[in-house]
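Worksheet: the structure to be examined is printed underneath.
Read-outs throughout are calculated quantities, based only on the coordinates presented, and are distinct from any laboratory measurement. Everything quoted here is computed from the prediction, not taken from an experiment. Here the Cβ positions follow ideal geometry from the backbone for every residue, glycine too, while neighbour counts run over all protein chains shown.
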Amino acid sequence: MMHSDFHVVSAKDLCLTFQTNDGPVHALKDVNLQIDKGDFVSFIGPSGCGKTTFLRAIAALENPTSGELMVNGTTPELARKDRAYGYVFQAAGLYPWRTIARNIKLPLEIMGFTKAEQKERVERVLKLVDLEGFGNKFPWQLSGGMQQRASIARALSFDADILLMDEPFGALDEIVRDHLNEQLLKLWSSTGKTIGFVTHSIPEAVYLSTKIVVMSPRPGRITDVIESTLPKERPLSIRDSQDFIDIAHRVREGLRAGHGDGAADA
Amino acid sequence: MRKLFAVCTVVLVIVVLWYSAAVKMNAKWAHDQAARAKVELSFSDLVRDTWAQERPVLPAPHQVAAELWDSTVMKKVNSKRSLIFHGWITLEATLLGFVVGTLLGIVLSVGIIYIRAMDMSVMPWAIASQTIPILAIAPMIIVVLNSVGIQGLIPKAIISAYLSFFPVLVGMVKGLRAPDHMQLDLLKTYNASRSDAFYKLRLPSSVPYLFTSMKVGIAASLVGTIVGELPTGAIRGLGARLLTGSYYGQTIQMWAALFAAALLAAGLVALVGLAEKSVLKKMGMVR
């Protein structure tokens, strides 16, 4: 309890059960995890392992059934009221009737920033995601990758310290994805944000993360937490290094072990 | 160009069918007249006669066109025989009814979205209201309002609103519910209030649905007004024109009024379409 003040996110024996018509579904069971300031944490695992549920619980979009979850030393609801995090969904979810700039202004309008401040912030975050000059375009005029960058800019606009990303690049092709991964790393190291990142892709998780959380389904739980040994500076070519291959191997093993358990349960 | 060709072809086919139907349906009268005068009718005589009768069962297109021309361009606008005069009377009630119906539809849809009791109760009543034949309920509205001294524009507009609120209600409920879970969750992460969610997300999302419903609604408004004009003693309006036409067997006059109503409906729907285009363009939703 005392220590949770020092963690950005701290989960202790966290359980979350959904009541469905087919009986209870244990989305999370006895999850224990700490995320420190400046961490880049990836959650990886098959569908139904609770990785998205955990991210949503941090964002106070789901309510844990039991256990303790603290964000910035307080409850997820209060953390949200303090604008602790920006959330990026799998789809960019830009409003088609707003230009890119006005889409980014959406949270700023709701949070009551002044017009001048809104304008200044839009320009700053557009630069951050390399979309300068696209503010007056409508979403449909941009490619999928650019739209997702705009949605990241929107999440960054109100200066939350935590960025929660739920498979943000899942719908994009590999080349665009590589490019965005590189940009995201740059953005992370220049802003010092804490990032929680849900993904299906092992290379993506290994390339981006300082900490990889391997999860498995039925019930959703953590099977392995891997501290990355890769340096903070990561060119794309690092993916051919032995360290990278070793970590990827360990993630794969963790996933396979979890999957075996799941199969045995079923 | 292809589209124009297609439209012209369809119109041509309709005109040909119409003329031949006119020959067939008006032939009996022509034959009767010939028999009475004891003359033989050649085929060309028959055709000429069936296309030029004074009170044909089915008037030929050019007769209707001539009557339309005569009763719009050739008559003074304030004449009782002018279709523009009658059309204006109908249009007034239609527009008033449409505005009232659209507002009612929007208000009810917002209630359905936000108030659970309304969500469970309003829709069945709205659907029930549309299953009652308007021809049955219109005279009652007219009579009841007349007994409290309200007549003329208002009763017709009420019937018109009665028909036009429904498509707007259905469309707006769908439109206001169009935003998916992800969109609503995103607003939640900003701690957005319900009014933020309404004005910034739900309302703009519903605009395309609103216009689609309004196109249906304005046509329904016109039908409602015309039906409302039938039992008023048939004095003014396109509906009255239809009714007097049928009283006196003036089929040409009836068809002219019918066409005037159809043209009016097409014009109104086109106007809503124009408004739709310009609003959606302003919102950036037209590519």
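Can you tell me the equivalent ellipsoid semi-axes for segment A:118-266? Use √(5λ) from the Cα gyration tensor, largest first, whole Å.
On the way: eigenvalues 196, 59, 42 Å².
One finds semi-axes of 31, 17, 14 Å for segment A:118-266.
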Subject >> Taking segment B:163-287 and dividing mean pair separation by its residue count, relative contact order in percent (alpha carbons under 8 Å, at least six apart) >> reply: 25 percent
Subject >> Spherically averaged projected area in nm², based on the convex hull that wraps the Cα atoms of chain A >> reply: 14.9 nm²
Original post:
Based on DSSP, what percent of beta bridges with both residues in the protein assembly as shown are antiparallel, to the nearest 5?
Top reply: 55 percent
**OP:** Output the relative contact order of chain A, whole-number percent, from Cα pairs under 8 angstrom with separation of 6+ residues.
**Re:** 25 percent
Subject >> Cα long-axis angle, helix B:83-114 against chain B (0 to 90 degrees, to the nearest 10) >> reply: 30 degrees
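Test of the criteria: in segment A:1-107, which trypsin sites (Lys or Arg not before Pro) are in a DSSP loop and have at most 14 other Cβ atoms within 10 angstrom of their Cβ?
Sparse-neighbourhood loop trypsin sites (Lys or Arg not before Pro): A:37.
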Original post:
Using a cut-off of 13 Å between alpha-carbon atoms, which aspartates and glutamates can reach residue A:193, once sequence neighbours fewer than 8 places away in the same chain are excluded?
Top reply: A:36, A:39, A:159, A:161
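Equivalent-ellipsoid semi-axes (√(5λ), Cα gyration tensor) for segment B:50-98, whole Å, largest first? Walk me through the numbers on the way to the answer.
Numbers: eigenvalues 138, 37, 12 Å².
Semi-axes from the Cα gyration tensor: 26, 14, 8 Å.
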**OP:** Could you work out how far the C-alpha centroid of segment B:205-255 sits from that of segment B:148-185, in angstrom?
**Re:** 19 Å
Subject >> aspartates and glutamates with Cα under 20 Å of residue B:80, excluding same-chain neighbours fewer than 8 positions away >> reply: B:67, B:70, B:92, B:229
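Given all pairs of different Cα atoms, what value in angstroms does the Kirkwood hydrodynamic radius of chain B take? Display every interim value, and only then the final one.
Values: mean 1/r = 0.0452 Å⁻¹.
Taking every pair of different Cα atoms in chain B, averaging 1/r and inverting gives 22.1 Å.
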**OP:** Using only Cα positions of segment A:49-159, each an equal point scatterer, no hydration layer, compute I(q)/I(0) via Debye at q = 0.14, 0.18, 0.19 Å⁻¹ and quote the log10 values to two decimals.
**Re:** -0.62, -0.90, -0.96
**OP:** Among DSSP beta bridges lying fully in chain A, give the percent that are antiparallel, nearest 5.
**Re:** 55 percent
Subject >> Centre separation in Å (Cα based) which lies between segment A:31-59 and segment A:202-257 >> reply: 14 Å
**OP:** Report ³J(HN,Hα) in whole Hz for each residue of segment A:92-100, in order, from the Karplus equation J = 6.51 cos²θ - 1.76 cosθ + 1.60 where θ = phi - 60°; Gly and Pro get x.
**Re:** 4, x, 7, 6, x, 8, 10, 5, 4
Original post:
So, in Å, what gap is there between the alpha-carbon centers of segment B:261-287 and segment B:29-103?
Top reply: 30 Å
Subject >> When each of A:105/A:211; A:29/A:105; A:29/B:174; A:81/A:186; A:37/A:81 is checked by Cα-Cα distance, pairs over 26 Å >> reply: A:105/A:211; A:29/A:105; A:29/B:174; A:81/A:186
Original post:
Taking 0.36 nm per residue of separation and subtracting the Cα-Cα distance, what length does fully extending residue B:247 through residue B:6 add?
Top reply: 82.9 nm
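Where in chain B is the longest stretch that carries no GluC sites (Glu not before Pro) classed as loop by DSSP and with at most 15 other Cβ atoms within 10 Å?
Working: sites that count: B:40, B:54.
Answer from the scan: B:55-287.
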Original post:
So which GluC sites (Glu not before Pro) in segment A:164-248 are both in a DSSP loop and have at most 15 other Cβ atoms within 10 Å of their Cβ?
Top reply: A:233
